[in-house]
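Inspection log for the structure reproduced underneath, given as structure tokens.
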Amino acid sequence: MKVLIVGNGGREHALAWKVKQSPLVKKLYVAKGNAGIWQIAEKVDISPTDIPSLVEFAKKEKIDLTIVGPEQPLSEGIVDAFEEANLKIFGHKKSSSILEASKVYAKNFMKKYGIPTAFYETFDKEEEAILFVKKMGTPIVIKADGLAAGKGVIIAYTEEEAIETIKDMFAGKFGEASKRIVIEEFLEGEEASYIAMVKDDKLVPMATSQDHKRVFDNDKGPNTGGMGAYSPAPVITPEIEKQILEKIMYPTLKGMIKEGKPLSGFLYAGLMIGPKGINVLEFNVRMGDPETQPIMRRLESDLVQHILDILEGNIDKVKPVWSDKYSIGVVLASKGYPGKYEKGKVITGIQEAEKDPDIVVFHSGTDIKDGKLITAGGRVLTVTAIGDTLLEAKEKVYKAIEKIHFEGMHYRKDIGDKGIKRLYYS
Ligand code: AMP
Ligand code: GLY
């Protein structure tokens with residue numbers, strides 16, 4: 001069969017890498033991809049949000065299955081358009097994607113269905129927002145309503161910082177996305193990502209994982225799209241997983257059906273696990289980036305077969321097989337990221353790093369210029385390693401990174417440490 005993957009990032013490279021291994025797949029396309037994905041899939045020169053052109057391409061090439069990586073095309077209706085054209089696609093409809101596309105919607109939804117989340121209020125007026133901050137005190141979390149590539153969330157530690165953020169947001173710092181904002185209670189604890197493949201009221205869990213949102217070690221500095229992840233996440237014990245399913249995942253599926261917005265695709269709950277229990281920080285209607293990279297390294301069964309079974313109404317049959325090894329993915333970012341960053345730097349050393357069979361390097365923002373591999377985004381590569389223990393995976397991944405170079409490259413040195421601490425020191 002012919003498969004099309006939509007998206008340009010590290011998540012899509014990891015999905016393409018996995019899809020390519022399926023014996024069902026004869027031909028793999030990517031729209032638009034990056035230099036890493038183009039090594040294993042045919043490049044389709046159409047932007048992930050140019051939905052009419054993607055439909056036309058899929059019809060012409062008789063694509064049997066399309067898998068959507070990022071949120072933007074989902075929230076712009078790619079699934080609705082493909083289904084109207086009788087094309088098979090895995091992802092949520094536009095109406096359901098609002099669970100990620102609007103934080104105001106997601107928070108109100110959680111409140112309505114009793115899904116645990118931080119105490120909050122929503123605002124469209126600066127003065128009221130400032131009054132709320134004064135009443136609540138700091139630290140406090142301020143979120144732009146709309147999609148902002150993981151960067152529309154500010155944790156303010158002082159009242160001045162909070163007021164400045166509110167003013168910036170209403171002045172249009174994130175464009176339309178910050179015309180409305182959510183202000184919520186700051187929650188202590190350890191974050192984890194819980195991702196499942198879902199259809200209506202049923203789900204199949206993916207392996208657990210933990211992302212690292214802040215740019216610097218020890219969770220310092222501004223939020224990013226994610227700087228590294230590992231799987232499984234020891235913070236999600238079997239008991240905690242049971243609670244996540246009972247109190248969060250199933251109520252979300254049922255609630256969305258009641259709202260007339262049934263889910264079908266990947267569902268990602270970003271969680272904070274701490275003194276106030278398990279709370280949802282956000283929902284995403286897609287897989288995480290970089291979580292997908294270590295998760296795909298551990299999936300031993302056929303992702304394509306699983307997706308086909310789900311789309312054909314046989315989700316009960318889907319039983320993914322996970323390696324009992326640990327995997328880690330560390331993001332190598334451009335100088336300046338998550339702020340304004342440099343591009344066009346030559347990347348070297350990937351082949352050298354991949355000489356170790358336990359290492360796979362996934363590309364995010366990369367391109368080819370004059371036959372050379374160059375940086376083309378804020379997050380450039382995710383280096384992944386697999387090991388018998390989390391400690392071994394960590395050692396391997398950082399040894400591999402030493403071989404890779406581009407000017408201004410920066411990355412976190414502590415990916416895996418929270419899990420290691422939990423496994424060995426508690
Ligand atoms: P979100 O996009 O809503 O997941 O927020 C991005 C990141 O901001 C999260 O991954 C957390 O690291 C942090 N964050 C969001 N909400 C809160 C909160 N209520 N308390 C503490 N940290 C938060
Ligand atoms: N890694 C966080 C996200 O994909 O939203």
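The values are calculated or read from the model by the stated rules, or taken from the named source; none is laboratory data. Fair warning: this is a prediction, and the values are worked out from it, not measured in the lab. We place every Cβ from the backbone using ideal geometry, glycine too, and count neighbours over all the protein chains shown.
Enumerate the pairs (first residue in the stretch 390-405 and aliphatic (A, V, I, L, M) and surrounded by fewer than 21 Cβ atoms within 10 Å (Cβ to Cβ); second residue anywhere and part of a helix (DSSP H, G or I) and modelled with pLDDT under 95) with beta-carbon separation below 8 Å, excluding pairs fewer than 6 apart on the same chain, so at least 6 apart or on different chains.
If the second residue must be part of a helix (DSSP H, G or I) and modelled with pLDDT under 95, the pairs left are 391/424.
Residue by residue, here is whether (1) within 30 Å of residue 313 (Cα to Cα); (2) free of Cβ contacts under 8 Å to residues at least 40 places away in the same chain; (3) within 16 Å of ligand 2 (Cβ to nearest atom) holds:
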position	(1), (2), (3)
129	no, no, no
147	no, no, yes
156	no, yes, no
160	no, yes, no
163	no, yes, no
190	no, no, yes
200	yes, no, no
206	yes, no, yes
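Only one of 270, 255, 260 is assigned to a loop (DSSP other than H, G, I, E, B), touching a residue at least 40 places away in the same chain (Cβ under 8 Å) and either within 11 Å of ligand 2 (Cβ to nearest atom) or under 21 Å from residue 71 (Cα atoms) (or both); which?
Values: 270 fails: assigned to a loop (DSSP other than H, G, I, E, B); 255 fails: assigned to a loop (DSSP other than H, G, I, E, B).
Among 270, 255, 260, only 260 is assigned to a loop (DSSP other than H, G, I, E, B), touching a residue at least 40 places away in the same chain (Cβ under 8 Å) and either within 11 Å of ligand 2 (Cβ to nearest atom) or under 21 Å from residue 71 (Cα atoms) (or both).
Taking the options 333, 353, name whichever one is farther than 16 Å from residue 38 by Cα, among the hydrophobic types (A, V, I, L, M, F, W, C), crowded, with 16+ Cβ neighbours inside 10 Å and touching a His at 6+ places or on another chain (Cβ under 8 Å). Reasoning before the result, please.
Working: 353 fails: touching a His at 6+ places or on another chain (Cβ under 8 Å).
Just one listed residue meets the conditions, 333.
Which condition from (1) closer than 26 Å to residue 333 by Cα; (2) under 20 Å from the mean Cα position of the chain (by Cα); (3) within 15 Å of ligand 1 (Cβ to nearest atom); (4) at pLDDT 95 or above is the one that residue 248 breaks?
If we test residue 248 against (1) closer than 26 Å to residue 333 by Cα; (2) under 20 Å from the mean Cα position of the chain (by Cα); (3) within 15 Å of ligand 1 (Cβ to nearest atom); (4) at pLDDT 95 or above, just (1) comes out false.
Return yes when residue 287 is in a helix (DSSP H, G or I) and at pLDDT 95 or above and no when it is not.
Working: in a helix (DSSP H, G or I): no; at pLDDT 95 or above: yes.
Against the criterion (in a helix (DSSP H, G or I) and at pLDDT 95 or above), residue 287 does not qualify.
Inside the stretch 175-188, can you point out the residues that are without any contact (Cβ under 8 Å) to a residue 40 or more places away in the chain and more than 12 Å from ligand 1 (Cβ to nearest atom)?
Looking only at the stretch 175-188, we keep the residues that are without any contact (Cβ under 8 Å) to a residue 40 or more places away in the chain, and these are 175-178.
175, 176, 178 - these are the residues of the stretch 175-188 that are without any contact (Cβ under 8 Å) to a residue 40 or more places away in the chain and more than 12 Å from ligand 1 (Cβ to nearest atom).
Being among the hydrophobic types (A, V, I, L, M, F, W, C) and out of contact with any helix residue (DSSP H, G or I) (no Cβ under 9 Å at 6 or more places or on another chain) is the filter here, so list the residues in the stretch 189-221 that pass it. Steps first, please.
Let us first name the residues in the stretch 189-221 that are among the hydrophobic types (A, V, I, L, M, F, W, C), namely 192, 195-198, 203-204, 206-207, 215-216.
Those that are among the hydrophobic types (A, V, I, L, M, F, W, C) and out of contact with any helix residue (DSSP H, G or I) (no Cβ under 9 Å at 6 or more places or on another chain): 215, 216.
Could you check, for the stretch 265-276, whether at least one of its residues is away from ligand 1 (no atom under 15 Å from the Cβ), modelled with pLDDT of 95 or more and within 30 Å of residue 184 (Cα to Cα)?
The first filter runs over the stretch 265-276 and keeps only residues away from ligand 1 (no atom under 15 Å from the Cβ), leaving 265-266.
Of the ones still in play, those that are also modelled with pLDDT of 95 or more are 265-266.
Those left that are additionally within 30 Å of residue 184 (Cα to Cα): 265-266.
Within the stretch 265-276 (the criterion being away from ligand 1 (no atom under 15 Å from the Cβ), modelled with pLDDT of 95 or more and within 30 Å of residue 184 (Cα to Cα)), the answer is yes, since at least one residue qualifies.
Condition test on residue 217, is it surrounded by fewer than 23 Cβ atoms within 10 Å (Cβ to Cβ), over 14 Å from residue 203 (Cβ atoms) and within 15 Å of ligand 1 (Cβ to nearest atom)? Please lay out each step first, then the result.
Values: surrounded by fewer than 23 Cβ atoms within 10 Å (Cβ to Cβ): yes; over 14 Å from residue 203 (Cβ atoms): yes; within 15 Å of ligand 1 (Cβ to nearest atom): yes.
It is true that residue 217 is surrounded by fewer than 23 Cβ atoms within 10 Å (Cβ to Cβ), over 14 Å from residue 203 (Cβ atoms) and within 15 Å of ligand 1 (Cβ to nearest atom).
Looking only at the stretch 316-330, how many residues end up being under 14 Å from residue 206 (Cβ atoms) and surrounded by fewer than 19 Cβ atoms within 10 Å (Cβ to Cβ)? Reasoning before the result, please.
Filtering the stretch 316-330 for residues under 14 Å from residue 206 (Cβ atoms) gives 318-323, 327.
This time we only want the ones that are surrounded by fewer than 19 Cβ atoms within 10 Å (Cβ to Cβ), so: 318-323.
Total meeting the criteria: 6.
When you scan the stretch 356-385, how many residues do you find that are surrounded by 24 or more Cβ atoms within 10 Å (Cβ to Cβ) and either more than 19 Å from the chain's Cα centre (by Cα) or of a type in the set (S, T, N, Q) (or both)?
5
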